[in-house]
Amino acid sequence: MTYPPWVVLHVPHDSTVVPSDVRGQFLLDDDELRAELVRMTDHLTRSIFADPLSEAAVVHAPVSRLVVDVERFPDDADEPMAARGMGAIYTATSQLTPLRRRPSADEREALMRAYYEPHHARLEAAVASALERHGRCLVLDCHSFPSVALPYEGADPSKPRPDICIGTDDFHTGEELTAAFRAAFEGAGWRVSLDDPFAGALVPGGRYRRDARVSAVMVEVNRRLYLREDDATALAGFDAIARRIRQACVEAIAAWSG
Ligand SMILES: [Zn+2]
């Protein structure tokens with residue numbers, strides 16, 4: 001069993017690529033940048049969620065979220081995280097220290113044009129293609145999160161975190177989809193929470209709160225399930241865990257879509 005062909009997997013945060021022409025904007029030395037990439041990357045999420053046997057499209061960001069975060073709203077005025085220096089173009093680290101110098105208007109535009117806009121164009125095209133061929137689409141927004149809250153989250157680092165967080169959108173998720181994902185992951189033996197520690201599910205801008213044929217749900221995996229978090233090395237059981245996570249998603253989608 002695998003994903004139906006109308007599923008679009010969105011993988012925004014698993015790249016560690018910092019292009020050489022952007023590297024000079026950062027205020028961190030190589031060791032500091034490496035440490036920040038270890039903390040902030042959703043390591044291996046493409047390997048976890050994508051199934052080579054499925055026709056489901058996979059739209060993944062080609063550069064690190066530290067270069068451009070495609071999961072944020074493009075305009076800082078709409079993006080709550082911009083107040084912490086973490087809009088689409090971060091100027092602060094996960095430790096709330098300076099990450100990069102403030103980009104000029106031209107640099108910002110160049111970054112958005114090079115990395116944000118093409119990514120969202122690919123996502124819109126994948127969704128449009130699913131709708132055209134199948135009349136429906138589910139965007140599965142694929143993430144992971146650190147087992148201990150990072151300072152930028154503004155969360156209590158002593159608070160225990162679930163194994164799996166399901167993120168929902170009022171318009172695009174719906175109770176049945178939410179319940180199906182919760183049941184599938186709980187059935188696989190994991191502790192699940194809804195919209196905690198991270199909330200929401202990404203929907204491409206052209207469909208957002210407009211097109212009810214587009215459903216969306218976010219799955220966030222606690223990195224302690226599959227990763228040595230201090231150096232981002234996969235744990236020995238990685239393949240088996242990844243398969244279980246994929247299987248839970250596939251089961252949830254099957255249960256929900258009948
Ligand atoms: Zn993420």
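Computed over the stretch 197-258, the P(r) curve from all C-alpha pair distances, binned at 10 Å from the origin, holds 17, 35, 32, 15, 1 percent per bin. Note that the chain, at 25 °C in a medium of 0.890 mPa s, gets a Stokes-Einstein diffusion coefficient of 131 µm²/s from its Kirkwood radius over C-alpha pairs. Inter-label distance, Glu79 to Lys159: 2.4 nm, where each label sits 7 Å from its Cα along the C-beta direction. In degrees from 0 to 90, rounded to the nearest 10, what is the angle of the helix 175-187 Cα long axis to the longest principal axis of the chain? So the inclination is approximately 90 degrees. For the stretch 149-228, the percent of C-alpha pairs falling in each 10 Å distance bin, counted from 0 to the bin holding the largest distance, reads 18, 44, 29, 9, 0. Rounded to the nearest 10 degrees, the angle from helix 238-257 to the longest Cα principal axis of the chain is 50 degrees.
The length gained on full extension between Val148 and Asp21, counted as 0.36 nm times the residue separation minus their Cα-Cα distance, comes to 42.5 nm.
Just want the answer: with Cβ charges of +1 for Lys and Arg and -1 for Asp and Glu, which residue in Gly87, Met40, Val58 is farthest toward the dipole's positive end in the stretch 25-109? Checked the options; the winner is Met40. Per residue, the convex hull spanned by the Cα atoms of the stretch 1-92 measures out at 117 cubic angstrom. Checking every one of the GluC sites (Glu not before Pro) in the stretch 1-60 against DSSP loop status and a limit of 15 other Cβ atoms within 10 Å picks out Glu55. Of the trypsin sites (Lys or Arg not before Pro) found in the stretch 23-52, no site is in coil according to DSSP while having at most 15 other Cβ atoms within 10 Å of its Cβ. Ligands, DNA and RNA are left out, and with a 1.4 angstrom probe the accessible area of the stretch 182-258 is 47 Å² per residue.
Annotation: amide H-H contacts under 5 Å for Tyr90 (H modelled 1.01 Å from N, sequence separation of 5 or more, or interchain): Asp69.
Dividing the helix sum by the residues of the chain, where each DSSP H run of 4 or more adds -39500 (n - 2.57), gives a mean residue ellipticity at 222 nm of -9000 deg cm²/dmol. Here the stretch 196-258 exposes an accessible surface that is 48 percent carbon and sulfur, computed with a 1.4 Å probe and the other protein chains kept in place. Each label point was placed 7 Å from the Cα along the Cα-to-Cβ direction; for Gln247 and Asp170 their separation is 3.8 nm. Peptides 209-221, 97-109 ranked from most to least packed give 209-221, 97-109, packing being the mean of other C-beta atoms within 10 angstrom over each peptide's residues.
Taking the accessible area of the stretch 55-128, probe 1.4 Å, and keeping the other protein chains in place, the carbon and sulfur fraction comes to 55%.
Annotation: per residue accessible area for the stretch 1-145 equals 43 Å², rounded to a whole number [probe 1.4 Å, protein chains only].
The values are calculated or read from the model by the stated rules, or taken from the named source; none is laboratory data. Just so it is clear, the model here is predicted, and its values are computed rather than measured. As a convention, Cβ positions derive from the backbone with ideal geometry for all residues, glycine included, and neighbour counts pool all protein chains shown. Calculation scope for accessible area: heavy atoms of the full protein, side chains included, ligands and nucleic acids excluded. Shrake-Rupley method; radii C 1.70, N 1.55, O 1.52, S 1.80 Å.
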